[in-house]
Each structure stands twice: as C-alpha cells, then as structure tokens.
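Notes to accompany the following structure.
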Amino acid sequence: MLSLDFLDDVRRMNKRQLYYQVLNFGMIVSSALMIWKGLMVVTGSESPIVVVLSGSMEPAFHRGDLLFLTNRVEDPIRVGEIVVFRIEGREIPIVHRVLKIHEKENGDIKFLTKGDNNAVDDRGLYKQGQHWLEKKDVVGRARGSLVN
Amino acid sequence: EVRGQMSGVRGQGSGGAAGGDEEVIRPPDRENRLLILNQFFWFQWRIDEKPVKIDKWDGAAVKNSLDDAAKKVLLEKFEYVENFCLVDGRLMICTVSCLFAMLALVWDYLHPFPESRPGLVLCGSGSGFCSLTRLLITYFIMMGILTLYTSYKEKNIFLVALQKDPAGMDPDHVWQLSSSLKRFDDLYTLRVSFSDGKTKNWREAEFTKSVAVFFDDSGTLVMDQFEKSVSKLHDTLAMEKKTK
C-alpha cells in the first residue's frame, strides 16, 4: 500500500494533539502579527520598517538597506532630514531628503524633497499639478538603518 | 457495504464473460480499484498497532515517542483514565490569545491606522489607535500568562491519569507522568508521581536511562523493554501504598 511514513506522526496524534499543533501555528502567526502592530503603535508610523528600493540616496543608503522609521507628532520635520513618503495614488514609498519647508503657525507644512544621488528635485515625481508634499504623505522619518 | 462492493468487483471485468460453471475472477476495473484503495487507505489511517519508528538522532522525536509509549502503558496496561484538565487549560489560553490577535487584525482593518494627525493621538476620543494599543497589551499579557502556566503549573507533565477506585466510594488516585531529555543528551528521565485520593499522600519515583536502552539501531522503539521499566516504576509506588 502507499507508504506514508512521514505522516505517521500525524496519524498517531489524537484530536487534542492535532488541535494543539494547529494552535501552535496560529500562535506563531499571531505573535508575528502582534509584534508588527506593536511596532506600528510605538513608532506611530504605518510601516515602521521599509526597504530602500532605489539607488537615489547613495552613498548614504544603498538598495536593499532596511530603514527604521518613526512618525511622532512631537518631532517636527526639519530641512536635511530623511523622510519616507508616498505620493498620492501610488503605493511605493520613496526615501529622499527634505530640501525646503514652508511652515504655518498651526504646524501645517509643505515641503520639497530630493534624492541625494538625483540631479533634480522630486517635483517631476509628484502628482500632476502638485508642487509640495504635506504631512499626510509622510510615512515616517528615518531613525536608523541596517546595511544589507 | 464493503462486502457488497467487493463482490461487485468479482462480477465485472473487461471483456466478455466466460461461459459454463467456472467462476472467473476478473481484475477490478478502474472504478473499483479506486474504491478499494479509498477504503484501505481509510482503515489504515489510524495506526495504533504499528511499531513506532523514528529518527534516532532527532531528540524531540525521541522524547515524544517515549512519552507517548509511557502514556500507552499507563492507559492501556493499567487502564487508568486520562484527565485533560491541564492540557485543556493550556489550549484555552492559546485559543483566547489567538482570538485577541484576530480581533486586533479585524479592528485594524475596519479602522485604518490613523496617519500622523497633528495634535490628538493618545486615548482621547477612544479612536481605533487607542483600542489597538489595548488589544496589543492584552495579547502580550496573555503571552505572559501562558509562559507562567507552562513553567509553573504544567512543569513537563504530559499525562494526568486517574485510577478509579474499584469500590466506587473513595475519590480517585491521581498518577502524573513527567519527563525530561536534555538537548543533545541521551539520558531520559521519567518521573511518576502518585497522589492518594483519600489520604492525600504524595509520592514520586523516577528513573534515568539512556535512550539507547529502548531504541534499536534502526530507530524502532522496543516496547517490551520500555514497558518493563515503566511498570517497575509504577509498581514501586503501588507497593509503597500497600505497605503503609
């Protein structure tokens, strides 16, 4: 007959043990999920860890490096900081440096970005008719990196 | 139902039937073959009597198979009744934790993570942000509870069995099995503890042997050897009971 030796372990289990194995798997998945959500809550960013996708920030960051982000309200964005932002309508986050900021008294800002390795600023990347980025486009500010 | 289908196999076959008194057994055609295979497979699914064979170098598998064999001895030879309270406790904690995690997932999906809003953030208006924090904290507390439960309440115990009083009057005696096998070590320790139902006495005995005593070269568990050791341990405790 069919030799199912590798399944012998499963066959020897009773209902409880089988349920425990399923639960074990569920626990691993849950723990990973909760740690990710925990990081989201602690850093305030919707994506606390991102990967650098292009070489536009060389020699500071290379493609494949990991970045740790925070997005707390108390820390305002300043010129010269590296921010990760999303352009409206596009999914992929971009990692560039802030060049100029216009700031209102109530804290609203409009800022312009440029990649260190790019020749021109990002206005070409922004949406049609958009000249400045706003706070809502920001995913977070780079706090630390892991070189790949 | 099985017999009906089996006899159906005899009658059919490819090609024409032979004449006369001879009964010709034709090979089953494809449909019947699948049916037979299906039933054979199902009956052989539960393999309680097949000798246990594992990878002798895999420490976890060795410990698990020894634990299962010890369980078998107590439950089948001495016919004690397994009590699931300890295991159920752990399953309950794990299930509740998973439910909290799923709740957090659903909550996060319904209330998308608020992007950095200037001003407000913490637990002011009971926003999704705040409740996510609460769910997370609850989950990690559950993890803590689980760790405490496994370390202090369960303590390596893998079987709690009740010895029913034959007269039916006294409360049951409780037998507990626990074991340990250190990583990359070959010494297996089996601990049997006995708790008298009436006098509430508590005794325990243990043995430590190399796993090589119970497994042969190919990784098959030699049940007789193991059963002897476990029974000896059991009888030591039972004997003490009688002399007291």
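Quick rundown of the values:
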| quantity | calculated |
| --- | --- |
| Under-5 Å amide H pairs with B:Lys164, H placed in peptide plane, nonlocal only | B:Val81 |
| Nitroxide proxy distance, nm - points 7 Å out along Cα→Cβ at B:Leu99 and B:Met239 | 5.0 nm |
| Exercise: per-residue mean of other protein chain Cβ atoms within 10 Å, A:37-46 | 5 |
| Helix-only mean residue ellipticity at 222 nm for chain A, each DSSP H run of n ≥ 4 adding -39500 (n - 2.57), per residue, nearest 500 | -7500 deg cm²/dmol |
| For A:Arg63, residues with placed amide H under 5 Å, excluding near neighbours | none |
| Charge context of A:Leu99, other residues only, Cβ under 9 angstrom, K/R +1, D/E -1 | +1 |
| Spin-label model distance (nm) - B:Glu79 vs A:Val73, 7 Å beyond Cα toward Cβ | 7.1 nm |
| Charge dipole magnitude, Cβ of K and R +1, D and E -1 - segment A:49-146, Cα centre, debye nearest 20 | 80 debye |
| Peptide-level mean, for A:27-33, of C-beta atoms on other protein chains within 10 Å | 5 |
| Centre separation in Å (Cα based) which lies between segment B:184-219 and segment A:56-127 | 64 Å |
| Angle in degrees between helix A:15-43 and the longest Cα principal axis of chain A, rounded to the nearest 10 | 10 degrees |
| Accessible surface, 1.4 Å probe, highest first, among residues A:Ile49, B:Ile54 | A:Ile49, B:Ile54 |
| Solvent-accessible area of A:Glu74 with every protein chain in place, 1.4 Å probe, in Å² to the nearest 10 | 130 Å² |
| Estimated FRET transfer efficiency when R0 is 22 angstrom, pair A:Asn117-A:Val147 (beta carbons, to 0.05) | 0.85 |
| Per-residue HN-Hα couplings for segment B:138-146 [Karplus 6.51, -1.76, 1.60; θ = phi - 60°; Hz; x = Gly/Pro] | 4, 4, 6, 5, 4, 4, x, 4, 4 |
| Accessible surface ranking that places the most exposed of B:Cys85, B:Cys94 first, with a 1.4 angstrom probe | B:Cys85, B:Cys94 |
| Residue with peak Gaussian network fluctuation, chain A [Cα springs, cutoff 10 Å], from A:Val42, A:Val50, A:Val138 | A:Val42 |
| Förster-model FRET efficiency, 30 Å R0, B:Ser131 and A:Val51, C-beta, rounded to 0.05 | 0.50 |
| Probe 1.4 Å, all protein chains present, accessible-area order of B:Thr133, A:Thr113, largest first | B:Thr133, A:Thr113 |
| Residue-wise HN-Hα coupling along segment A:96-111, computed from phi with Karplus coefficients 6.51, -1.76, 1.60 (Hz; x: Gly, Pro) | 9, 9, 7, 9, 9, 9, 10, 10, 8, 5, 7, x, 5, 10, 10, 9 |
| Rounded to the nearest 10 Å², the accessible area of B:Thr150 at probe 1.4 Å | 60 Å² |
| Karplus (6.51, -1.76, 1.60) ³J(HN,Hα), θ = phi - 60°, over segment A:119-135, in Hz, Gly and Pro reported as x | 7, 10, 6, 7, 4, x, 8, 5, 4, 4, x, 8, 10, 9, 9, 10, 3 |
| Of A:Tyr20, A:Val50, A:Gly38, farthest towards positive along the dipole that unit charges on Lys, Arg, Asp, Glu beta carbons give segment A:16-76 | A:Tyr20 |
| Fluctuation leader among A:Gly115, A:Gly55, A:Gly124 - chain A, Gaussian network, Cα springs under 10 angstrom | A:Gly124 |
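The values are calculated or read from the model by the stated rules, or taken from the named source; none is laboratory data. Everything numeric in this text was worked out from a predicted model, so none of it was measured. Here the Cβ is made from the backbone with ideal geometry for all residues, glycine too, and neighbour counts use every protein chain on show. Ligands, DNA and RNA are excluded from the accessible area calculation, which covers all protein heavy atoms including side chains. Shrake-Rupley method; radii C 1.70, N 1.55, O 1.52, S 1.80 Å.
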